[in-house]
Amino acid sequence: MSQLLRPVIIALGLTLLWQCIVWTTDAPRYILPGPLSVIATLIEQLPLLLRHAGVTLAEILIGLLLGVVLGLISALSLATWGGLKRWLMPVLVISQAIPVFALAPVLMLWLGYGMASKIAMATLIIYFPVTAACFDGLRQTPTAYLKLARTLGADKRTQLLQIRLPAALPAFGSGLRVAASVAPIGAVVGEWVGSSTGLGYLMLNANARMQVDLMFAALLILALIAVSLYFLIDLIARRLVPWQSDTLNSPTTGRSRSR
Amino acid sequence: MDIRLEHASLHWQQHCVFSDLNLDLPSGLWTSILGQSGVGKSSLLQLLCGIADDAEIGGTLTCSDGKPLSGRVAWMAQDDLLLPWLNVLDNVLLGARLSQKRNVRPEQKELAHYLLSQVGLGDKADVRPSDLSGGQRQRVALARTLFQDRPLVCMDEPFSALDAINRLRLQDLAASLLSERTVLMITHDPLEALRLSDRILVLQGQPARLSNPIEPQGDTPRSVRDEALLHLQGELLTLLAQECA
C-alpha cells in the first residue's frame, strides 16, 4: 500500500511546490504556467499529444532494439575474434568521442526529416554503452569457470555461448538500463534538429508560439514515457538474472524490500 | 591405467616453480600431495589437467594404455565452481551439456539424479546453487566430478573451505564414492591426506621437489582416532614446519 502511495505523495508534493512558485513569483502564463492550466491543456490537447507521443515512442523503441542488438553482436564479435578488438575498439571510442548531438544535422541531411534519422540518433547514442557493458561482461568471466569448461571438453564456441554469455548477463542488464535512460534523449534531440512530428517537434513549436502550457504537457508525457521505459527495462533486466541477489535490498544490510 | 609424469618443469613469470620432477600415479590408488601454500601444488595439478595457463611447462606425460591423458581428467577445485544460472541437476550434467553432442540423454539424467542421491542431495535437484550451504555446494561439485567418469580425478584442496565436521563427512563420502579410482588430491592438511590416501608425497623447497611416498596402512577413510595415523600426522607436521624454519 505504502509502495503505491509514496510516488503519489512525491508527485503531489512537487506539484504543490510548483504551484507555490507560481503564486509567489506571480509569473505570467507564458513564462511558467501553473500545474492546473498544464493539466487542462493536457486533457484538452490529448489527441494531438498522443499522436506525436506515438511517433516519439516508436522512434525510441526501434532505436533501443537496434542499438541493443547491434551492441550485443559487436560485443560477441569482439569477444570471439581477439584481433578484431585492436581494429574496432579505437573506432568505437572515436565514435563515442564525437557528440551524437553534433552528428544530428548530418544524419538529418542523409536520412531525411522522417523517423529514420531519429531512430539512427537513438541507436547511435545507445550503441556504445551497450557494446562496452556487454564486452566488459564477456571479458570478465571468472577464469576458473573457463578452466572447468575446458576440462569438461567444451570448445571455444561452447565456452562463449554457455559460460561467457550467461556470466555476462548482469553486465548486459546494466547496459540495457543505461540504454533505456538515454534512448529518449537521442530521439528528442533528433526531433529538435528537424522534423514535422514527434514530441520534440511539438515542444519546439509550442515554445515558439508561447504555448508554454502545451510544451509542459508534452514534457510531462515525455517524462512518463522515459520513466515507464526505464522501469520496464529494469524489470526485464532483473528477470534476465534471477540468480543474482540484490544486496542493497537484502536483510543483511538492514533495509527491507517492503518499505 | 597408470599415469607417469617425467622430468616435468614449470616456470611462471621467469620463476622456476619446479623442474625435473617425477610423479607416478598407480592405477586405482589415491595419491595425495602435501605442501604449504604457494609451493606449486596447484600448478602441478593444473599441468596434469592441461589448464596451466600463462606458465611455461615441459616434461612427458605417459599413460600405461599408450593414449594421451588430455580429455581424460576430471578437475575438482577448492571453489565448487557451480554455475549460478543453472540448477543443481544441470550443474551435475554440465559435462554432458558442454560436450559436442549437446543434447542430454535420459540415462544421463538418471545417472545425475542417482549421483545426487548418493551425495545426499536427491531432493535438491531443482534448486539453484545460491540456495545451498557451502558443504552442500561442494557435494554437488563432487557429484559433477563423478558424473564425468574420467580415469583420473584431480582434486585441488577440495574440502579446505568447509568447517571441521562437514569436512570429515565429505572426506568419508569422497572416500567411498571414489574408491577404485585413480585420484590425485592436493592438500595442506596432513590429517586429510592421511585419512584418505594410499600414498602421500610431500612437495617442498624452491624449486619444489617431491619426497618419497609415505604409505599409511589400513582401509580408507581411516578413523581420526587411529594412533598410528596421529603419530604420522605429527611427523608430517614436523617435516612441513622444518621447511618453514
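Ellipticity at 222 nm from helices only: DSSP H runs of n ≥ 4 in chain B, each -39500 (n - 2.57), divided by the residue count, give -10500 deg cm²/dmol. Selection among B:T60, A:C134, A:L109 by position relative to the dipole of the protein assembly as shown gives A:L109 as farthest towards the positive end (Cβ unit charges, Cα centre). Along the stretch B:21-38 the Karplus relation, 6.51 cos²θ - 1.76 cosθ + 1.60 evaluated at θ = phi - 60°, assigns HN-Hα couplings of 9, 10, 9, 10, 10, x, 4, x, 9, 9, 9, 10, 10, 10, x, 6, 5, x Hz to successive residues, with x for each Gly and Pro. The label-point distance for A:F231 and B:S117, in a model that sets each label 7 Å from Cα toward Cβ, rounds to 4.8 nm. Per-residue mean of foreign Cβ neighbours for B:74-81 is 3 (Cβ atoms of other chains, 10 Å radius).
Interface area, chains B and A: about 2100 Å² of buried accessible surface, summed, with a 1.4 Å probe and ligands, DNA and RNA left out.
Under 14 Å from a label point set 7 Å out along the Cα-to-Cβ vector of B:H7, the amide N atoms of the stretch B:44-74 belong to B:58-62. How large is the direction-averaged shadow of the alpha-carbon convex hull of the stretch B:78-149, in nm²? Reported value for the Cα convex hull: 4.5 nm². Shielding of peptide B:130-136 by partners, expressed as the average count of other chain Cβ atoms within 10 Å per residue Cβ, is 1. Normalised Debye scattering of the stretch A:61-188 at q = 0.11, 0.13 Å⁻¹ gives log10 I(q)/I(0) of -0.43, -0.57, counting only Cα atoms as equal scatterers and leaving out solvent. Interface burial in the stretch B:40-65 reaches 40 Å² or more for B:I51, B:D53, comparing the full protein assembly with the chain by itself; accessible area from heavy atoms with a 1.4 Å probe. Taking label positions 7 Å along the Cα-Cβ direction at both A:L84 and B:K67, the computed distance is 3.6 nm, reported to one decimal. Pairs from the list A:K147/B:K124; A:K118/A:K156; A:K85/B:K41; B:K67/B:K109 with a Cα-Cα gap above 31 Å: A:K118/A:K156; A:K85/B:K41. Look at the dipole of chain A built from charges on Cβ: of A:L222, A:L12, A:G63, the Cα furthest out on the positive end belongs to A:G63. Using a cutoff of 8 angstrom between alpha carbon atoms and counting only pairs six or more residues apart, the relative contact order for chain A works out to 26 percent. Over chain A, what percent of the accessible surface lies on carbon and sulfur atoms, probe 1.4 Å? Summing carbon and sulfur atoms, their accessible area is 71 percent of the total for chain A. Solvent-accessible area per residue in the protein assembly as shown equals 51 Å², computed with a 1.4 angstrom probe and all protein chains kept. With a Förster radius of 41 Å applied to the beta-carbon distance between B:Q206 and A:L161, the computed FRET efficiency rounds to 0.45.
A loss of 40 Å² or more of accessible area (1.4 Å probe, protein heavy atoms, ligands and nucleic acids excluded) relative to the isolated chain is seen in these residues of the stretch A:108-148: A:Y145, A:K147, A:L148.
Using a simple spin-label model with pseudo-atoms 7 Å out from Cα toward Cβ, B:D53 and B:R225 lie 4.8 nm apart. Distance from a point 7 Å along Cα→Cβ of B:S179 to each backbone N in the stretch B:10-37: keep the residues under 14 Å and list them by number. Counting only backbone N, you get B:29-30. With 0.36 nm allotted per residue and the present C-alpha distance subtracted, the B:R169-B:D198 stretch has 8.5 nm of extension available.
Shown for chain B are the DSSP H helices of 24 Å or more along their axis, judged by Cα atoms, with a mean Kyte-Doolittle hydropathy of at least -1.0: B:227-244. On the principal axes of its alpha-carbon atoms, the protein assembly as shown has extents of 97, 53, 51 Å, going from largest to smallest. In chain A, helices alone account for a calculated mean residue ellipticity at 222 nm of -26500 deg cm²/dmol, with every DSSP H run of four or more residues adding -39,500 (n - 2.57).
On the beta carbon distance between A:C20 and A:I43, with R0 = 25 Å, the FRET formula returns roughly 0.65.
In plain terms, the C-alpha convex hull of chain A casts an average shadow of 18.3 nm² when viewed from every direction.
The values are calculated or read from the model by the stated rules, or taken from the named source; none is laboratory data. Computed from a prediction, not measured in an experiment: that's the story for all the values here. Every residue, glycine among them, receives a Cβ derived from its backbone with ideal geometry; neighbour counts consider all protein chains shown. To get the accessible areas, we keep the full protein, side chains included, count just its heavy atoms, and leave off ligands, DNA and RNA. Shrake-Rupley method; radii C 1.70, N 1.55, O 1.52, S 1.80 Å.
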